[in-house]
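Structure record follows, encoded as structure tokens.
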Amino acid sequence: MKAMKRVAGLSAAQALGVYVAVIGVPKWTSLGSLEEHHPDNLAVVTSIVASLMLGLHVALPLVWRTAQMSHFTVQQAIGSLGLTLASVGVIHVILIFFGAPVLDLFQRTLLLATYLAFMAVLPLTSALGLVHAHEYVETILHQRWRNHGERQGTCTFVGTLLGAYIGALLLPLDWDRPWQQWPLPCVYGAVYGQIAGLVVATGLLVAQTQVVKRHD
């Protein structure tokens, strides 16, 4: 029960932290909204989100390790960060294939790629570590989770990217709204997609716990 409360608390902290960083901070501070000072504020928000995710998925597990509450190692932390940084380039190329400008708005596309890498990839790499690519495929596509970390990493990975994709569908609409500037719909969509992924992961954990209790 304590473990489930801890997991639920961390999920809530991540969801609230990401929401506040992207939606709240620009509106509640002197920064102004993302739409008003774009892409400067997007760079600030991306750095805040990256710091938050590093704290939750790299620094905190290392602290738990010293308290004998986790097997997360320094090598895993370095590997996770390395894979995340490498994924920035991969995501940037994928965004171009999906229609992002190749040279125009390069900075904005790079910021989105960095934002998505830390939001979607870092939780998954910190859960799985340096393993063969097929294990990532098995985990994501076939849901072969060995623990809740892998489950949550998968759900946030899928939720974040799906949310960003749904947000991108609003870009070509002829509404001429400030929030339709590239890549803000993807940024906002990723926030709500990640929150949905965290809710799904926590719900699956609760359901699994109830099944185990019934069998006991």
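Derivation of every value follows stated rules applied to the coordinates shown; laboratory data play no part. Fair warning: this is a prediction, and the values are worked out from it, not measured in the lab. Note: ideal-geometry Cβ built from the backbone for every residue, glycine included; neighbour counts use all protein chains shown.
Residues Thr114, Thr29, Thr73 in ascending order of nearby Cβ atoms (within 10 Å, fewest first): Thr29, Thr73, Thr114.
Per-residue Karplus couplings for region 82-94, computed as 6.51 cos²θ - 1.76 cosθ + 1.60 with θ equal to phi - 60°, are listed in order as x, 5, 5, 5, 5, 5, 4, x, 5, 5, 4, 5, 4 Hz, Gly and Pro entered as x. Round to the nearest 10 and give me the degree value, 0 to 90, for the angle of helix 184-215's Cα axis relative to the longest principal axis of the chain. The angle comes out at about 10 degrees. Remark: region 108-114, residue by residue, has Karplus-estimated 3J(HN,Hα) of 5, 5, 5, 5, 5, 4, 5 Hz, where x stands for each Gly or Pro and the curve is 6.51 cos²θ - 1.76 cosθ + 1.60 at θ = phi - 60°.
With neighbour counts taken as other beta-carbon atoms within 10 Å, the residues Glu138, Glu36 rank, fewest first, as Glu36, Glu138. Angle of helix 2-19 to the longest C-alpha principal axis of the chain, folded into 0 to 90 degrees and rounded to 10: 0°.
Using +1 at the Cβ of each Lys and Arg and -1 at the Cβ of each Asp and Glu in the chain, identify which of Ala113, Gln181, Gly17 lies farthest towards the dipole's positive end. So the residue furthest toward the plus end is Gly17. Highest GNM mean-square fluctuation among Ala133, Ala13, Ala21, for the chain modelled with Cα contacts below 10 Å: Ala133.
Mean projected area of the Cα convex hull of the chain, taken over all directions, amounts to 13.3 nm².
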